[in-house]
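To start, the structure itself, in structure tokens.
The values are calculated or read from the model by the stated rules, or taken from the named source; none is laboratory data. Keep in mind that this is a model prediction, so the values were computed, not measured. So basically every Cβ, Gly included, is an ideal-geometry build from the backbone, and we count neighbours across all protein chains shown. Side chains included, ligands, DNA and RNA excluded: accessible areas come from the protein's heavy atoms. Shrake-Rupley method; radii C 1.70, N 1.55, O 1.52, S 1.80 Å.
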Amino acid sequence: MFFKSTIHMCLMLCVSSFLVASAPSSQTESSLIHAFDATGARAELYMLHYGSRMNQPQSSDAIPQWVNRMAHEWGLNQPVQVPVVEGKRWSASGTWERNLQVELTVINDEPDQQRVYPYVSVKITGKGHPDVSLLNAKNRLNRELQRFQLNKSTHFSIQGSLSVQKGQYSKKTALLQKVLGGLQAREVEAMKTDRVISVSAYTPRLSGGLQTRGGTMNVQAAAKDGYDNQKIIITLGTPIITIEY
């Protein structure tokens with residue numbers, strides 16, 4: 001359900017032209033991982049996410065064959081078409097490296113048109129702390145995106161938890177300040193509740209970003225209370241978080 005909402009959110013960002021630029025380099029992922037590790041949290045999940053429309057129009061009738069070819073050449077399972085409100089959607093999944101789960105989603109939200117610009121989403125998810133497999137997967141993804149005439153723009157997110165004593169949830173603010181301070185980031189806007197704090201910020205150390213009412217943001221950090229009353233869950237992403245938090 002969250003992945004569907006993430007696809008919808010990214011699709012709306014693309015359609016509304018809110019995307020200023022987003023082409024994270026290996027240095028970008030390294031910067032976020034370093035900032036995350038500085039909190040002392042244990043990394044549990046990370047995600048490389050791509051989402052954009054095709055550069056060139058495609059024939060609606062040819063999209064199924066195009067998706068099949070992409071899935072086959074990427075080593076994924078046979079795509080499955082799922083009826084959705086947006087129009088037509090195809091999904092395929094598989095594994096890269098040793099433990100990276102890959103999910104491909106293609107949406108044709110104008111199925112009645114002859115020539116369309118499909119929306120393509122790729123989610124690469126790993127467990128534990130990112131290692132060299134992340135860089136290998138990103139390099140492979142960039143090559144494949146270029147081959148299929150797709151923009152090379154990705155989002156990166158990392159999530160984990162920090163053990164705390166019961167009643168120490170006030171540390172959430174201090175943890176986020178440490179993360180953003182390490183990235184030399186200034187707050188653009190924030191959402192705060194008793195249980196969750198989410199801060200959108202801008203740092204000159206990362207390229208690109210999204211234009212919001214408060215200004216340009218290119219990093220998002222969140223901290224929330226764990227369900228077992230003994231953890232704080234920390235999530236960090238650029239330019240936005242694409243992991244549920």
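Given the DSSP H assignment, sum -39500 (n - 2.57) over each helix run of at least 4 residues in the chain and divide by its residue total; what's the result at 222 nm in deg cm²/dmol, nearest 500?
-8500 deg cm²/dmol
With a 1.4 Å probe and every protein chain kept in, tell me what percent of the accessible surface of the chain is carbon plus sulfur.
About 49 percent, which is the carbon plus sulfur part of the accessible surface.
So which chymotrypsin sites (Phe, Trp or Tyr not before Pro) in region 23-131 are both in a DSSP loop and have at most 10 other Cβ atoms within 10 Å of their Cβ?
For chymotrypsin sites (Phe, Trp or Tyr not before Pro) across region 23-131 that sit outside H, G, I, E and B with at most 10 neighbouring Cβ atoms in 10 Å, the list is empty.
With a/c under 1.5 counting as rounded, go ahead and sort region 14-134 into rounded, prolate or oblate using the C-alpha gyration tensor (a ≥ b ≥ c being the square roots of the eigenvalues; past the cut-off, prolate if a/b is larger than b/c, else oblate).
Taking the square roots of the gyration eigenvalues as a ≥ b ≥ c, region 14-134 is prolate.
Probe 1.4 Å, all protein chains in place: accessible area of residue 191 in Å², nearest 10?
90
What accessible area per residue, rounded to a whole number of Å², is obtained for the chain using a probe radius of 1.4 Å?
Counting only protein heavy atoms, the per-residue value for the chain is 48 Å².
Where the centroid of each part is defined by its Cα atoms, how far is region 39-98 from region 155-211 in Å?
So the separation of the two Cα centres works out to 29 Å.
Take residue 72, project a point 7 Å from its Cα along the Cβ direction, then tell me which residues of region 125-154 have their backbone nitrogen under 17 Å from it.
Of the residues in region 125-154, 148 have backbone N under 17 Å from the label point off residue 72.
Round to the nearest 10 and give me the degree value, 0 to 90, for the angle of helix 26-37's Cα axis relative to the longest principal axis of the chain.
On a 0 to 90 degree scale, this one is about 30.
So how exposed is residue 173, as accessible area in Å² (1.4 Å probe, rounded to 10)?
Accessible area of residue 173: about 60 Å².
Run the simple label-point estimate for residue 27 and residue 62 please: 7 Å along Cα→C-beta, distance reported in nm.
3.9
Which angle between 0 and 90 degrees, to the nearest 10, do you get for helix 63-73 versus the longest principal axis of the chain when only C-alpha atoms count?
60
Indicate the gyration tensor shape class of the chain (rounded, prolate or oblate), computed on the Cα atoms with a ≥ b ≥ c the square roots of the eigenvalues: a/c under 1.5 is rounded; otherwise a/b larger than b/c is prolate and the rest oblate. Numbers along the way, then the final one.
Values: a/c = 1.95, a/b = 1.73, b/c = 1.13.
Verdict is prolate for the chain.
Which trypsin sites (Lys or Arg not before Pro) in region 129-216 pass both tests, a DSSP loop state and at most 13 other beta-carbon atoms within 10 Å?
Here the sparse-neighbourhood loop sites are 166, 195, 213.
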